[in-house]
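Single-structure report; data block below.
FYI, it's all coordinate maths here, none of it is from the lab. Everything numeric here is computed off the predicted structure, so don't read it as measured data. Cβ atoms come from the backbone with ideal geometry, glycine included; neighbour counts cover every protein chain shown.
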Amino acid sequence: MKLIYLITILTLLSSCGQVNTKAEQEATERKTAESEPTKLSLADTTIKFMWRDMKYDSTLNDSFSSIFLNVDYIKAMTNQEKAALGYVSTFIGNECWWDGEANNDRSNLDCKIITALGLGYQCSESHLGFLRKWFSTDKEVLSELEDSNCPTTPYTATIQDTFSKIVISTKGDSISVYYEASAVNMREQESWEWTETVHFIATTDNLKLIKKDKSEVNHEKFEMTEE
């Protein structure tokens, strides 16, 4: 009788142990699933985000090449797409000019794309803070986004660059940003142009830069003429 009682107790203890182990395992798996970002399934799209065209200035009574943005797309884009475009636009000029007089710390530079994305002034905490949040697991990008690396270059600078075109593509958990850009050094009377596609992988919480495919850079000399 004592033997049967002992076996019953051991069986119950063993069963309790299995239940506890199973419960602990399920809890661990649930916690892991909750902590890991969920993969996205983005629509298969290719959208022209930015382009250039002539724009008439009534004050100067003349037309100039200006940046135009896809406003409807901006209203509907995801934060992941905004972060991808914001990252690319951080390092190339996009009609940047001071909001009023330039502050001593150059903190009031208004860049057309950065502003349109709702990120505030170029290199502001609103701008860089948003990007650092979305690239929080990408050490190389975070290094690029340090304050000292963020350019505050107005469009009248002697050496400047700018976009000619930006196209963004999404599919599954992938985002790619293709752009055409050009630059000029007025002092050296030299210009150059190139294209690049920047590839990202996105989750619900983060964005990671995978690679950059950059074309050869074409350089040209020019001569300034006085009118």
Going from the fewest other Cβ atoms within 10 Å to the most, one would list Cys150, Cys96, Cys111 as Cys150, Cys96, Cys111
Net lengthening on full extension, Gln189/Thr204 (0.36 nm per residue, minus Cα-Cα): 0.8 nm
Determine which lysines satisfy two conditions relative to Lys171: a Cα distance under 26 Å, and not lying fewer than 8 residues away in the same chain. Lys39, Lys48, Lys75, Lys82, Lys133, Lys139, Lys208, Lys211, Lys212, Lys214
Quick calc, Thr225 & Phe91: beta-carbon distance into FRET formula, R0 30 Å, rounding 0.05, result 0.45
Using unit Cβ charges (K, R positive; D, E negative) and no other charged atoms, how large, in debye to the nearest 20, is the dipole of the range 88-189 about its Cα centre? 260
Can you give the Rg/Rh ratio of the range 112-152, where Rg is from the C-alpha atoms and Rh is the Kirkwood radius? 0.96
Return the tail of the calculated pair distribution for the range 144-227, meaning the percent of Cα-Cα pairs more than 14 Å apart. 73
Only counting other Cβ atoms within 10 Å, I'd like Met54, Met186, Met77 sorted with the fewest neighbours first. Met54, Met186, Met77
So for the pair Lys214, Tyr73, with labels modelled 7 Å out along Cα→Cβ, what separation do we get in nm? 2.3
What is the order of Ile74, Ile159, fewest Cβ neighbours within 10 Å to most? Ile159, Ile74
Net length gained if the chain between Asn61 and Asn103 were fully extended (0.36 nm per residue, minus Cα distance): 12.1 nm
